[in-house]
Structure formats: C-alpha cells, structure tokens
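The next block holds one structure in the form of structure tokens; read it before the comments.
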Amino acid sequence: MEGQRLTMMGNQAITQGALEAGVRVAAGYPGTPSSEIIQNLAGAADEHGLYVEWSINEKVSLEVAAAASLAGLRSLCAMKQNGVNVASDFLLHLAGSGVRAGMVLVHCDDPGALSSVNEGESRHFARMLELPLLEPSDFQEAKDMTKWAFELSEEIGNLVMLRSVTRLSHASGGVVPGPIPAPGGQARFDHHGSPRDLRHGPVSSAPVGYKHRLQQEKLKRAVELFEDSPFNSYVGPESPELLVITSSICNLYVKEALALLDARDRVGVLKLGTTWPLPPKLLQRHLQRCEQVLVVEEVIPFLEENVKIAAAEMAGEIGAKKFFGKREGTLPAQGELNPDLVLKALAGILDLPYQARPAQYDRLAQELAPQATQDRELAFCPGCPHRASFWSLKEALALDDRDGFICGDIGCYSLAMRPSGYGLLKTLHAMGSGAGMASGFGQLGRFGMDQPVMAVSGDSTFYHAVIPALINAVHQKSPMSLVVLDNSGTAMTGFQPHPGTEANALGQPVPPVDIEAICRSLGAEVTVCDPFDLKATQAAAVGLLADQSTAKVLILRQLCALSPQRKGTKPYEVRVDPEKCLGDQCGCNRLCTRVFGCPGLAWEKESGKARIDEVICAGCGVCASVCPQGAIIISEGA
Amino acid sequence: MAAAKLMHDPYNLIITGVGGQGNVLASRMLGNVLTSQGLWVTIGETFGASQRGGSVMSHLRVSEQGSWSPQIPAGKAHMVLALEPLEALRVLVKYGNPRAKAIVNSRPILPVAAIAGRTSYPATEELEGMLAQLTAQRWSIPATDRAMKLGASIFANIIMIGALAATGDLPVSREAFEAELRRALGHAKVAVNLEAYDLGVAMVGQ
Amino acid sequence: MITRGPRQLLAEVQQPGLCIGCGSCVELCPYFRSHGGKTVMLHDCDLAEGRCHAWCPKTELDLEGLAQTLWGRPYPAQGMGPHLAVVAAKAGPRLESGSYQGGGTVSALVCAALDEGLVQGAVLTGGQGLQTAPRLAATPEEVIACAGSRFTAAPTLAALNRAQAQGCGSVAVVATPCQAAALAQRRAKPWPQRGAAGPAELVIGLFCNWSLDPQGLASFLAQRVEPREIRSMDIPPPPAGVLKVETGQGSLEIPLDEIRGLIPPACGLCPDMTSEWADLAVGMYEGRPGWNTLVVRNEKARALTEAAVEKGWLVMEKFPAANQEHLLQAAQGKRSRGLSAALAQGLLGGPGDDQPKALRVGSELYKAVENGEVA
C-alpha cells in the first residue's frame, strides 16, 4: 500500500503517522472523536510489535505512555478534549520534567459538541503548560504531522500536543502512506544520574526553578523550528486585500469559501500548523502584506488572541491592523464552523454578493422545511437496556412521590436527559460527577431537603471516575443510591474493553475487575438486577429510595443491544396480538408507543392498534411487560 | 490509474439516513471504490451520540484535484442517496438545488416523537410530492423491502450503491465494487452483496 | 355530572391534597398505582375522559345528580340517607367470637352474602397495625381473618378492580362513606366499553367521622412506638377521646387532639357519616358494648339481613328511638359541617355554575347552605 494514495479517516492518518514514526506504546481512554486512534493502533499491535492499552482513565493513560518515553520508546496518548482536563494534573508535571523518547499527546476537540456535552477547548493547555502545539489541516498533514511530532518531541525533550477536531478525526480523505519501520526497541529507564541530568537522572518537575527554565528553553527551540516548518504555508497574491489566518480543518472551509466567492485573487491565506508558540518572524512577514486580518478557527479565539499579542509586540514594524474574527463577532463565538459560515464572513468583509442557489428554489425549500423536517430526537436503540432501566427508575421515583431525582453523567445513558430516558436526569456534567453530586445532595437533609437522590453511571464510567465518589458517599454516610447501568462494554464509543471485561485492547485474556465486589468491599449495600425484569428492578429501586440511611448500589446488568455478542440476534420474536390489543379503545392511552417509546413499536393509523416494526425491533421483549393487556406476545428462539 | 472524468468537480454526494442504517459503511465502501479509480474522495461523517436514532449524513466530495471540505456547502449537493425518505427531504431543503438528483429508499423510519404521537410523519404522497419539487431527477426504490428478502435490512445500503452506479453519474463499476467487497467483507459475503448491488442497478435501469 | 381526564384528576384531587387513597382509579389502567397509602400517577396521560376521573369520590361529587339517578329523588338537606330500618345487631352463633370492633356485624353480613351466593367474593381491609391492605375474601374463614378496625383508609377499590379484571363478577365491598360514594359514581356513570371494572354487587358501608393520613400516622407513631410492634388500634366510644394503640409491650393512649392534624383535608369536606350511598351501613352502638348499629337501606339489604338472621350469622334487636335520634343528629352534624366547609372554600357547586367543585347540590339546598339553614 506504501506510496499509493488511499482514502483514510483522519484518526487513521494519525495512526499511520505514529506507526511510521515507530511508536511502540500507546494508551488512551475512549472518547469521541478520538477513539479510533488507539483502536487502530491496537489492531496494528501484533504486526508492528506495539503495546497498546485502554487505560482506566485519561490521566493513567498519559502516565502509561510517559513511562514508555522515559524508558526510551516512542509513545502516544490519545483522548478527547475534556480528557485533557482529567489528565492535566499529570500533564503539568510531565511538561516540567520533560520526556526522553518522542511522546505525543493527541487530543481531539469536538467543536459544535457533535458527540459531547461540552464544547471544551484543549489548545489552551499548550499555552498554560508551556508545551508546543501542532494542528493538522487535512488528512495527509494529519499523518505527516504526527510523524514529525515525534521527531520534534525528541529534538526538544518534551511532550508535543497535536490537536485534531471531529471534522478531521472522523472525516476521510486522501493520504499517501509511507514506510513503517520494523518492530523492535529496547526499554530501559536510566535513573542513576544527577537530578539535573535530563537523560540519565531521576525524572521530576523539581527542582522547579531549574526545570522550568529548561522547559521554556525547549519551547524556544520549538519556535525556531516552527519558523521554517512546511506545515505553515501561504497561498494567495503578494499583496492581498485581506489576510486570512487559519488552522486545522478550517483551512478547507476557507479554501471552499474563496472558491465559491471567486475571491482567490483578493485574499491571501496563511495556514498555520504550528499554533503554539507562534513563530514571530513568519507571522511578521505575512502580517506585513495587508491591513486587514481575519482569523478563522473553532471554539475559543485562541489563535486570534495570540496573533493579536504578536501583532502588538511588532506594531512598530507592521503598523496597526484591523482584525476580524470571533471577538468582534464576524464569526460566531459558539458552535462549529463550516464553509457557509466562513463564506458569510468573507462576503461581508469583501462586500461580495453570494447566492448558493436560485432564489425561487430557496423559497420553496424554506416553505417545505417546517412541514416535514421535524427533528429526530436521539433515542436509546431498540433493545437498549437503558430504556428498561429508566422506565423502572421513573416508576420508582413516582411511587416514592417525594420529588426525587437522578444525577447523571457521561455515556449513552446521558440521553436520559431527553424524552427517550423520560427526562429523568436532572444534572449532567463530567465522568463520575453524578455520583459525586449525589453524595453532596444526600447531605442536605439537615437543611430540610426531603427529596431522595440517585446517581447513574455506566460500567466503564464506574471505573473511570465513580469509585472515588462512591467511597466518599459511603464514608460520609450520604443517603444516596448509585445505579450502575452495566451493559458490559464502553458502548457509546464502540465497545472498547475496560477493567471489567475479560480481554484487553490487544484481545488478550485479563482478569476482569468485578464492580459488585468493589462496591461490597467498600461496605455499600449492593443489589443486582436484570433491568429487563421490570418488576424486580422497580421493587429494588423503590427499596433504595425508601432507605435513607446510607449509600447503596443497584447494579442493573444487561448486555448492550449493539454489543458484538448481541448485535444481529433477537432473543425473542415479538408480535402484537391484534385480538388482545384494544388499541385506541384501551384505557392505556398508547402506553407502549406514547410513553415507553421504543423505536421498534409503531401505532398503526388504520387499525388504531400497536404494531412491531420487524426491521427495527431488536427482540428484547421488554414491551411485553409494559402492555397492560398482555397483547404483546414474545416467543423464544427467533 | 488515470482519473475518470467527472461531470462536476468536486462532485458532491450526500448519503443520508437514520442512525443504525449502515450509512457509514456505505460511504466508506463507495469512497474506496472511487479512490481505486484514481479519484480524490473526501468524506465527512459524524458518529457517536448522533447515531442513536438521529439523522446521520455522510458528505462525499469526489474530485480529480485534491481534498475538499468534509462539509458540503449549502445548496451544492449533486446527488442525494437517502436510506429514508424524510431524511431525503431534510437534506434537499438545505443542500438541494434545481439540478439535484435523489435516490430514495421508500421505507420510512418514524422519529420517536412521531411514534409517541407528539408529531406526525408526512403521508407518502405528500412526501413524494415535496421531493419531486426539490429534484431534477428522482428514483424512489423499495430497497429495505428487497433487502429483507435477501435476508437482512442492512443490504439496503448495497442496493442503494447499485442504484447510484446505474445512474452513471459516478464511475462505480461492478468490477471495482466487487474488489472492494472482497477487501472489506471477505469472500464469503461477496455473492449476496453483489446480488444486492445488481438489484439496485435493475431498480434504476440502465 | 362532569367527566374529565387524568390531568384534571391530578389538578382537582391530588394537588389540593384531597385524595384519600381509596384505590378507585388504581388498576383500571397502567397509570395509577397505590403505594405507601398514597395514590400516585406513574406516567403522564392526556386522555380527555377517563374512569379515573369519573369514578373518583373526590372529583366533583354531584350529590344532587347521584341522588336523582340512584335514589330517584333530590338530595335532601336533612337526614341520614334512605333507609328501611335501623336496628341493633351483632354476630350470630355461626360466627365464632373474633377480634371484632363492636359486634362483628360486618363480618356476619359478609359471611351471609357469601353463603347465600349473593357475591363470589368480598373486598375487605386486612393487615396489622399500620400495614393495612385490601384483601379479597371468598370464605367465612378469610372474612374473619380480616376482622378489626383500622383508622387509615386502604386502597380497597383497587382490589375490587383487580377482582373484576380477574373475572370475579359479583363482589361485596366493605366501604367507608367516601369509598361508598366512589361506588355510587360507578353505578351512576357506567363505562362498560373499557373492560370489566364497574359497580359492586353489595356495598356494606361503615360509619365514619374521619380517617387518618396513613403516612402521617405512620411517622407520628414511629416517634412513640416501634412500628412493627403495633398489634391493633381502637378509638373507644366517647368520652374516652383517645386512640388506643396495642403493642407487644402493652397499650398506649394518645389523646385525639394530638392526632387531629393527621386528618386528611378531604374529610373536612365530607357530608356523609353513615355511608348513605351503601346498601347497608354499620357503626358503633354507643353505650352497648358488643353490639352495632345497623342501617338497612334497601330491599336487597333487607333480604340479606333476614337470611343472615335465619342462617344464624346475625342477631338483630330493636334500636331505641332515643339512640336513633342521637344518630340522626350526629349524621346531620357531619352533613352540615361538610357542606358549609365546601361553601366556605368555594368548593360547593350549585346549578348553573360549571367550574369543577368538590360537592354539587340542587339550588334549594345550595341556598339553604348559603343561609346557614342546614344544621
């Protein structure tokens, strides 16, 4: 395949770059849009002699990768934007201590929160922690830049951050792969030298004064290299009317917008791949071209602010500039960008008319839009155990009748903030935060709060960040209930293994760490139920709510409908008996479709009765327990 | 391999459907087939939470020159390959233009709000009428129904690719597709998938 | 008589705290459930009309409409409801002595109704202490096991709904006045198209001045005794003025004034002491321990009492005129207090106003209440 152009996903290009750089160890925690990087490396581990793991959380994954670097092996760590927050304490200290073999942290931001509950910006960690930052702007560059990042890391002796975004990580484009070095490498951690000896001494960010100065010298060396980096390029006339400075996938949006506006002869584009620290000489050369500058980037105006600081510092040489960007509102301050938003900004500055399609067609489309383009609310999949779990929790909270509520956190079950999970989650923040907040709410009885509180967590999330919160609740005797929605995998991001699974990222057998045993060992009362057994689950949940003495755990264990073991199989053949279904005449008021709301059910207009959509139904059979008439018939062995 | 000539450069194709319909698989296979013809293909996708019953789009930009934005600009789709009719309308409202074509799988998937009775799904004729107004050329095909006869609804994707090939808009030859099937799925599944492809071709007609 | 849906039921009954947990709306559909002495709604339901609302005794109770439909005459300002006779009664020789309150008349009547084949089963309140629960009894043994008084209402009518859904067609219900009113709603507003639930074959009403909120009583008692130790409770006849709680360790007397706050607000609006809507009504016989007062309200009831006496289930004697006068005054007092309270709270409806109220009466009675003439 070497030398032949392929269409690769951005994350695959990053993987390829790492392989070409001879990466030996990779670790991460799953999180959209970053997950495929570690997944792909795990897939390549056998062939190329790598060690790859899904770590318990991002901080540990960074520590695992750093160990390899200190032992002389190139290593990579990958995570989504907010994962960097989790890893940041170690990151701060690692930045101070430096690394030995090349080490790259790939962090994938999610502008527009396409698969997140935040629009977090991770680039500022580079400035805050004084580390070099690279941002690839297309697929080939994603590969080439990743490879170079390892060389840069070794050149300066510190970690290099490489930031991708959803529209690059999860998009695909042309990449010409290069050669991958043969497997091999000897690991050894040299620690007998002086603490000031970066190659041979013990490794720490202390002595701080000394190490901090060295760290800043490393960064200066990086800037020198950035001045001549091929990843920074200029396209456009010698003296344009407007200079666009951009980075990352926005470069393709700018290219598209200028083509549509036919304005390539009026606008110059400085695409930066090395976005922290900015190379001042390069910047000065291009800022001198014209008086107007538009900075195009996603999330916070990181590049814009840094360019403005640089421009102020060189104001004597380049004169005053007029800046456009997010800060004065030419570009939106929230949400992801796209060619149309960039085009609108450019058309405004250049005073160019633009019409994407004939006005008559546009009017027609706008007229038709509201009639038929209703939103498709996200929903739990057909056969999803979470729907059953939240159904029982909803009924239990209603029976308890004290306005109890559930604190949520991050996973597929975050959808329970929406109608699909009956809007049950009343707080939703970070991994593990539901349990931590419930631990806090539980203490407020002394201030007159009489609402019972529950938290939900997935199995992967339990290991990632719930354990400390649960220990806190048990130790502080907080009357909260933790419901672990154990669907036996990291379902949201594609079934990566976690400490509870019987195989690791490399497919090797590993001892599963039992959630139930952990909870019991902490002294928490533990109940285990199958969420598909609605009665038992509801009874267990009612019991938890009634007992306000201490922290308790309910584990609801049932395989995800999309899990490799379950997918494509139907445990039950499900049908509606039209004789038994009373339809619109039943007092149930369409309980199965209107309230339970599984996508596998439908209400037939003609007959006024329920029906199973056999294409969508996953055969979990839970709806049979919901129907008050027993009209939904399940039979095994489908 | 010399690049095949394109009627537009970049040629903008949107594959749309509902999470779980296998949209991503279809766009990847099509992308690889076109890449094997020497073309540049840029594919924009989203997945993760957005797959859970939500609308899912893949944007394919096919070019002889290089990578393009993974998001197609508004009003610039040349072809919409829709696995679900309401999704065809959604895409055309934003990305359509008087020259746009569409191949539409006729089987609806009701949004959960419609199942719950909070909204209503438009009647077939009404939806067909709206699609007709927004396209220059349109094929409505019962891809899911035929796929079920082949054994699984997921073959609808392959039927749709066959239908696209039959329009002649893009160089998706049977040979190149067969090679991609072999690469992506292994030998065992080639025959049934080729059968699906041929069904799609026949539905649009040469 | 207005019928609306579950959302209005919540707005008119649940939210103002008027629900007495009778269970009339429970098990008719998947939406309402009895739990911990309360009736709760599990999921939202937007039906415009439902049995939950139609049959609830605490949605608007159209006294005038019910009386016209079921009694064939206006709801009167005076009296204690239609009756053929008031007698003294107690269990007969066929019933072994049990832990009856009073004379065991209720158990005797239920046994007789089962024995006569008048009903296939009877819904009673069973359980111990605070753990009251409705029971379906089909034999005299099962009836005796339920004997004794409870002072919190149980979701009795949920058990009726369950029995009817399971094919038990004719059921006797031992009902408080509010539960008897719920059953009167069923007779006046039948709804056969939605399944088997409907009126009871026989309603044996109880005299009632008020009941206690189950959760309120539970937490009140929990501060004084170990709840699991409670064996039985009784309110002896005046002038005792106490609630007697028997526990494993002995008995505890709680002055009634201390528990008045636990009386649900709905009881203050109730105009019925003697279960006027029932077929028969049974209460204490003040001053004659071991005996009950029995009101025989209609021909079906008369036939039952006669058969009960004949078969040895029941013993009846004459009820002195002075006691009857005293009973009438007590019943009249509750009617007057209930109607006046409803008027004062804006919850009394007359003809021609279509806002939902708690009670609705004819125009003459409305005027009489307004003028303070109902006393």
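Readers should treat all values here as calculations from the given coordinates under stated rules, not as data from a laboratory. Fair warning: this is a prediction, and the values are worked out from it, not measured in the lab. Note that each Cβ is placed from the backbone with ideal geometry, even for glycine, and that neighbours are counted across all protein chains shown.
When the helix-only estimate is applied to the protein assembly as shown (DSSP H runs of n ≥ 4, each -39,500 (n - 2.57), divided by the residue count), what is the mean residue ellipticity at 222 nm, nearest 500 deg cm²/dmol?
Values: 41 runs with 422 residues, N = 1219.
Here the helix-only value at 222 nm equals -10500 deg cm²/dmol.
State the Cα centre-to-centre distance between segment C:211-280 and segment A:35-94 in whole Å. Centre-to-centre distance over Cα atoms comes out at 67 Å. The order of the peptides A:197-204, B:65-72 by mean Cβ neighbours within 10 Å, most packed first, is B:65-72, A:197-204. With a Cα cut-off of under 17 Å and a minimum spacing of 8 residues unless on different chains, the lysine pairs in segment A:233-350 number 10. Residue by residue, segment C:308-321 carries 3J(HN,Hα) couplings of 5, 5, 4, 8, x, 6, 9, 10, 10, 9, 5, 9, x, 4 Hz when phi is fed to the Karplus relation 6.51 cos²θ - 1.76 cosθ + 1.60 (θ = phi - 60°); x denotes Gly or Pro. DSSP bridge analysis restricted to segment B:11-204 gives an antiparallel fraction near 50%, rounded to the nearest 5.
Going by Cα centres, segment A:563-622 and segment C:165-189 are how many Å apart? So the separation of the two Cα centres works out to 34 Å. In summary, the lysines within cross-link reach of C:Lys300, defined as a Cα separation below 17 angstrom excluding same-chain residues under 8 places away, comprise C:Lys311. Within the protein assembly as shown, antiparallel bridges make up roughly 45 percent of the DSSP beta bridges whose residues both belong there. For A:Lys394, the lysines whose Cα falls under 19 Å of its own Cα, not counting residues fewer than eight places away in the same chain, are A:Lys426, A:Lys535, A:Lys552, C:Lys38. For segment C:194-209, putting each phi into the Karplus relation 6.51 cos²θ - 1.76 cosθ + 1.60 with θ = phi - 60° gives couplings of 10, x, 7, 5, x, x, 8, 5, 9, 10, 9, x, 10, 6, 8, 9 Hz, in residue order, rounded to whole numbers and with x for Gly and Pro. Which net charge results when you count Lys and Arg as +1 and Asp and Glu as -1 among the other residues whose beta-carbon is under 10 Å from that of C:Val245? Within the 10 Å Cβ shell, the charges total -1. Reducing segment B:125-195 and segment C:323-365 to their Cα centroids gives an inter-centroid distance of 74 Å.
Net charge near A:Leu114: determine it from the other residues with C-beta under 12 Å of the C-beta of A:Leu114, scoring Lys and Arg +1 and Asp and Glu -1.
Working: positive: A:Lys80, A:Arg167; negative: A:Asp109, A:Asp110, A:Glu119, A:Glu298, A:Glu336, B:Glu45.
With Lys, Arg at +1 and Asp, Glu at -1, the net is -4.
In plain terms, the chain from C:Asn298 to C:Glu229 could stretch by 20.7 nm, reckoned as 0.36 nm per residue minus the Cα-Cα distance. Cross-link partners of A:Lys580 among lysines, defined as those whose alpha carbon lies under 18 angstrom from its own and excluding same-chain residues fewer than eight positions apart: A:Lys605, A:Lys609.
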